[in-house]
Amino acid sequence: MYRYLISILANLFFLVIVSVAQNVVYDTPRNGEGVDGFLLRNGCNTTTDKQVFYDINPNKFGKNHTLLTGIKYKLPQKEQFVKEPLLGPKEQNVKIVSQDLKGAVYYLVSGHGGPDPGAVGKYNGHDLYEDEYAYDIMLRLARQLLSMGATVHIIIQDADDGIRDDAYLKHDTHETCNGQTIPLDQTKRLQQRCAVINTFYKKEKNNYARAVFMHLDSRSTSERIDVFFYHCLGSTKGERLAKTLCDKFDAKYKEHQPTRGFKGTVSDRKLYVLKVTTPPAVFMELGNIQNGKDLERFNRVSNREAVAKWIAEGLVDDYKKEKK
């Protein structure tokens, strides 16, 4: 008798665990229980959740939406959030809106940082520092990826900044490489961030992981450029990733600026971080920080958000290709 009861309890516990793991919860109504009482007992809001409850349980009700005895009803899913303090106090709680990137891992690296500000542009009398704007776009990308169920490692970190909606981002030298002081020497800086990525990658042994490097190019003030996507020579997955991202930007430009066209390029490049990083990687130059028109891509908050969103959509496309 005791073994029988233990078996039943074990099975019920297993069912609960499975339901929670799949983010789907079921319950059976008690005798004489109405919809409102059933929902309230399960912590649901009868005003906002009732119609959802009806929609997700088709053909399971009696007359006037009465509950049927012995029927298991699916309960409305609760909103889920993931916390990432580096996004800042206002943005750190990220709502999960889909599972499009569940199982994917990303290592996000914004260029320069710490003692190295990168390139510096001038816009309306203000200095625009490459490391600050690349970092802000990178954080916005992180938020997008987290909202779709991805695992995200923010490699270059500034605990003081978070996502900022200012046009002119204040420069500082607080950035670290996953908590480590960033060296002044360029070679040591690159070695450090690659080592952090490779350590994570080796530990996680994930089937799908990608490293994403973000920079702002520096050219003559008259040269306006679109996004350049670089991959490591011989990396099939890295090349596919770069091409997929470029295709996404091309499609977005056709949608939003059909008369302008998109002149971004994809090519291999012998960059240290692309050669040394273990997971497939892409290196992006997001525009020319010396050009006035390109600077609008970084100075305007809506543009920084759009760039991050388009990159995220391109990463989703690449993940889908991998899963086919």
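The values are calculated or read from the model by the stated rules, or taken from the named source; none is laboratory data. From a predicted model like this one, the values you see are computed outputs, not experimental measurements. Ideal geometry is used to build each Cβ from the backbone, glycine not excepted, and the neighbour counts take in all protein chains shown. Side chains included, ligands, DNA and RNA excluded: accessible areas come from the protein's heavy atoms. Shrake-Rupley method; radii C 1.70, N 1.55, O 1.52, S 1.80 Å.
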Checklist line | Rg ratio (alpha-carbon, reference 2.2 N^0.38 Å) - the chain | finding: 1.24
Check: Taking springs between alpha-carbon atoms closer than 10 angstrom, which of Ala119, Ala159, Ala209 fluctuates most in the Gaussian network model of the chain?
Finding: Ala159
Notebook entry, point to check: Which whole-number percent of Cα pairs in the stretch 90-177 have a distance greater than 15 Å?
Noted result: 59 percent
Item checked: Positive-pole candidate from Ile311, Gly118, Gly34, dipole of the chain, charges at beta carbon -> Gly34
Checklist line | Distance in nm between pseudo-label sites at Lys78 and Lys102 (7 Å out along the Cβ direction from Cα) | finding: 1.7 nm
Margin query: Which of Thr151, Thr176, Thr47 ends up with the largest GNM mean-square fluctuation for the chain, with Cα atoms connected below 10 Å?
Written below: Thr47
Check: When only C-alpha pairs under 8 Å and at least 6 residues apart count, what is the relative contact order of the stretch 136-182, in percent?
Finding: 37 percent
Check: What is the Cα convex hull volume of the stretch 167-324 when expressed per residue in Å³?
Finding: 133 Å³
Margin query: Suppose each label sits 7 Å from its Cα in the direction of the beta carbon; what would the Thr46-His174 distance come out to in nanometres?
Written below: 4.8 nm
Check: Short version: ³J(HN,Hα) in whole Hz for each residue of the stretch 71-79, in order, from phi by Karplus 6.51 cos²θ - 1.76 cosθ + 1.60 (θ = phi - 60°), x for Gly and Pro, what are they?
Finding: 9, 8, 10, 6, 9, x, 6, 7, 5
Note to self: Counting only protein heavy atoms and a 1.4 Å probe, tell me what percentage of the chain's accessible area is made up of carbon and sulfur.
What the structure shows: 51 percent
Checklist line | Cβ-Cβ FRET estimate between Glu33 and Asn59, R0 fixed at 22 Å, reported to 0.05 | finding: 0.70
Item checked: Relative contact order, percent, the chain [alpha-carbon distance under 8 Å, six or more residues apart] -> 17 percent
Notebook entry, point to check: For the Cα atoms of the chain, what angle does the longest principal axis make with the long axis of helix 186-204, in degrees from 0 to 90, nearest 10?
Noted result: 20 degrees
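What number, rounded to the nearest 500 deg cm²/dmol, is the helix-based mean residue ellipticity at 222 nm of the chain, given -39500 (n - 2.57) per DSSP H run of at least four residues and division by all its residues?
Roughly -13500 deg cm²/dmol at 222 nm, from the helical runs in the chain.
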Next item on the list: Skip the ligands, DNA and RNA, and give the accessible area per residue of the stretch 223-287 with a 1.4 Å probe, whole Å².
Entry: 49 Å²
Notebook entry, point to check: Of Leu141, Leu87, Leu169, which is the most mobile in a GNM of the chain whose springs link Cα atoms less than 10 angstrom apart?
Noted result: Leu169
Next item on the list: In nm, give the distance between the simple-model label positions of Asp166 and Thr69, each being 7 Å from the Cα along the Cα-to-Cβ direction.
Entry: 6.8 nm
